[in-house]
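Asker: The structure's right below; bear with me while I get my questions together.
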Amino acid sequence: MKFKTDKSIDDWVKNHRAQGCISNATAGEQFIYEFIPTSIMEVQTVKCMCCGDKFTYYDD
Ligand SMILES: [Zn+2]
């Protein structure tokens, strides 16, 4: 099953790294993505494993 991240998720990741939070790991290892489909909307969450910061996007 393949998920497509929303542009706001991609932008957050890009901005987060631009702000200086860049680990030695690749982007794919630094960030954890979660997709939670509900009956009314899809919730996408991205979390930075470096600093614990996270961003949630609600697609309704
Ligand atoms: Zn971070």
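The values are calculated or read from the model by the stated rules, or taken from the named source; none is laboratory data. Everything quoted here is computed from the prediction, not taken from an experiment. Using ideal geometry, Cβ is built from the backbone for each residue, glycine included, and neighbour counts are taken over all protein chains shown.
Asker: Pull up the stretch 3-26, narrow it to residues that are modelled with pLDDT of 90 or more and of a type in the set (A, V, I, L, M, F, W, C), then point me to the one that is farthest from the ligand (Cβ to nearest atom).
Answerer: Top of the filtered list is ILE9.
Asker: Still on this structure, I have one more. What is the residue count in the stretch 27-60 for residues that are of a type in the set (Asp, Glu), under 16 Å from ASP11 (Cβ atoms) and more than 16 Å from the ligand (Cβ to nearest atom)?
Answerer: Qualifying residue count, the stretch 27-60: 1.
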